[in-house]
Amino acid sequence: MQMQQNTIISIQSLVSYGYVGNSIASFAIRLHSIEVVVLPTVLLSTHAEDNIYYGQVISPELFGLLLKGVKEIDLSKASNYLITGYINTTELIGLSKEFITHWKHENPGAIYVFDPVFGDTRANGLYIDEHVAKYSVDHLLSLADILTPNHFELEFILGHSVTTKQELEQAICNNPVLKEKIVVVTGVVLQDTPEDILEVIIIKKAKVFRLQTNYVDLHAVGTGDLFTSVFTSQLSKGRDLVSACEITMRFVTQVLKNLKEKKQKQISSESIMKSLEILF
């Protein structure tokens, strides 16, 4: 069996109900008429910020079998993009590393998008164990072509805070690993960021693109996962880096506006579908 042409591989969490991780990524990717290979790292009844949820991390044995099955599909001719998101054990990070290494070897020119999903300021810091987050940086970051950390996650990777555009640029351009990557920092809050603005900053080979959209005062779980999946899909459809990011920012902003109008705090299929025209 061969995969359909124009396919994205997505390695991240999966929930029975709600829109986080692969549950939102697979939806968003398919809306672009792109096929998706879903590889779950954890299976929960709903996201972990709900008061009641059940489930568990996918065992290394099961995860390994899923990877083995996917390896036997002709990846080199079908999938040029791969996303990793929430992975909260060193065992699954190690297996993911092996898989991505093999995938990139079989598919020269393929693009790996690393979304750290370690934590954020809203959650008051890390929501995975620190040693797991560091293990992810040590083992996955070097393989990545693009990374999409939020401001908190970038500071964790760097090991220090950044509060100005100059500090951000210097920190990335002086980092021996990050300077070779395309870094897309979401939810950036710098000293000169207006209160009513949400920023995304792209740094590619010392070139800085500072993009802005209107800030929507609503915290919905899964917006980061939505951003990365839409952004990657836009790249896969042939958009350039800045255009893909701008479209994604407008789309996510409109999804949040739709939720706020309905006085909802959870991403819904309605909020996504009502924003669909922005993508095309």
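Restricting attention to region 248-276, and to residues there that are more than 16 Å from Val221 (Cβ to Cβ) and surrounded by 21 or more Cβ atoms within 10 Å (Cβ to Cβ), which single residue is farthest from the chain's Cα centre (by Cα)?
Here the answer is Phe251.
Here's a check for you: in region 29-57, which residue that is among the acidic types (Asp, Glu) and part of a loop (DSSP other than H, G, I, E, B) is least open to solvent (accessible area, probe 1.4 Å)?
Asp50
Is it true that Thr253 is in contact (Cβ under 8 Å) with a residue 24 or more places away in the chain and in contact with a strand residue (DSSP E or B) (Cβ under 6 Å, 6 or more places away or on another chain)?
yes
Cβ-Cβ below 7 Å, separation at least six or inter-chain, first residue in region 185-199 and farther than 9 Å from Tyr215 by Cα, second open to solvent by 30 Å² or more (accessible area, probe 1.4 Å) and in a loop (DSSP other than H, G, I, E, B): which pairs?
Note: pairs meeting the criteria are Leu190/Thr163; Leu190/Thr164; Gln191/Thr163; Gln191/Thr164.
Tally up the residues in region 81-128 that are within 22 Å of Val183 (Cβ to Cβ), surrounded by fewer than 23 Cβ atoms within 10 Å (Cβ to Cβ) and among the β-branched types (Val, Ile, Thr), please.
Of the residues in that region, 6 qualify.
Surrounded by 11 or more Cβ atoms within 10 Å (Cβ to Cβ) and without any contact (Cβ under 8 Å) to a residue 24 or more places away in the chain: which single residue out of Glu180, Glu169 fits that description?
Glu180
In region 194-220, how many are among the basic types (Lys, Arg) and surrounded by 14 or more Cβ atoms within 10 Å (Cβ to Cβ)?
2
The values are calculated or read from the model by the stated rules, or taken from the named source; none is laboratory data. Not measured: the values here are computed from a predicted model. Every residue, glycine as well, gets a Cβ built from its backbone with ideal geometry; the counts of neighbours run over all protein chains shown. Protein only, heavy atoms only, side chains kept; ligands, DNA and RNA dropped before computing areas. Shrake-Rupley method; radii C 1.70, N 1.55, O 1.52, S 1.80 Å.
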